[in-house]
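What follows draws every value from the coordinates through simple rules; no lab data is involved. From a predicted model like this one, the values you see are computed outputs, not experimental measurements. FYI the Cβ positions are ideal-geometry reconstructions off the backbone, even for glycines, and counts take in every protein chain you see.
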Amino acid sequence: MPLAPQEIRTYFITTATASRRRLFQVESNALLLLDHLQEQRSKKRMEIHAFVVMPEHVHLLLTPSADVSLEKAMQYIKGGFSFRLKSKMDVWERSYDSRRILDADGFTGRVRYIHQNPVEEYLVSEAGMFPYSSMGRNEMVDPIPRHFAG
């Protein structure tokens, strides 16, 4: 079976900080990552549909642009953030987990999972209270991909 065109591939991504260091517990680091994610959107490298920046990991729901592979998109995110952070220590684990989203139900389920993650980890009592999430921040995310809008 041939692969689907890149621009209609949407992925649920999980990536962790090096040694699970609680890097994003520091507000300035979390805000820097949010700013960097918005910069990648504005450069049209990818659409970001949902995100949460947890203390030691990040979940993203993204669709790379037609001319950007998933690997390149992650390089833009992780490598670009590391460069901006200017840390002398490793910032990220080398790998990341990616799951291709195949339909609208899978998409909405992952959005819900992303937004509930801070509640599940006992960081907040309600998802909308977590400051480093796309919950209720429509200006920071792209809509459901056209290939899922039925």
Distance in Å, no decimals, from the C-alpha centre of segment 117-136 to the one of segment 1-77 is 18 Å
About its Cα centre, the chain carries a charge dipole, from +1 on Lys and Arg Cβ atoms and -1 on Asp and Glu Cβ atoms, whose size in debye to the nearest 20 is 440 debye
Here the gain from full extension of residue 82 to residue 20, 0.36 nm per residue of separation minus their alpha-carbon distance, amounts to 20.8 nm
For the chain, the count of lysine pairs 8 or more apart or interchain whose alpha-carbon atoms are under 18 Å apart comes to 6
Counting only residues 5 or more apart in sequence or on a different chain, those whose built amide H sits under 5 Å from that of residue 46 are 65
Sorted by chain and number, the residues with a modelled amide H under 5 Å from that of residue 141, at a separation of 5 or more or across chains, are none
Expressed in nanometres to one decimal, the distance between label points 7 Å along Cα→Cβ at residue 66 and residue 95 is 3.3 nm
Rounded to the nearest 500, the 222 nm mean residue ellipticity computed for the chain from DSSP H runs (n ≥ 4, each -39500 (n - 2.57)) alone is -9000 deg cm²/dmol
Within segment 5-43, DSSP-loop trypsin sites (Lys or Arg not before Pro) with at most 13 other C-beta atoms within 10 Å are 22, 43
When the charge dipole of segment 6-140 is computed with +1 on Lys and Arg Cβ and -1 on Asp and Glu Cβ about the Cα centre, the Cα farthest towards its positive end, among 113, 57, 129, belongs to 57
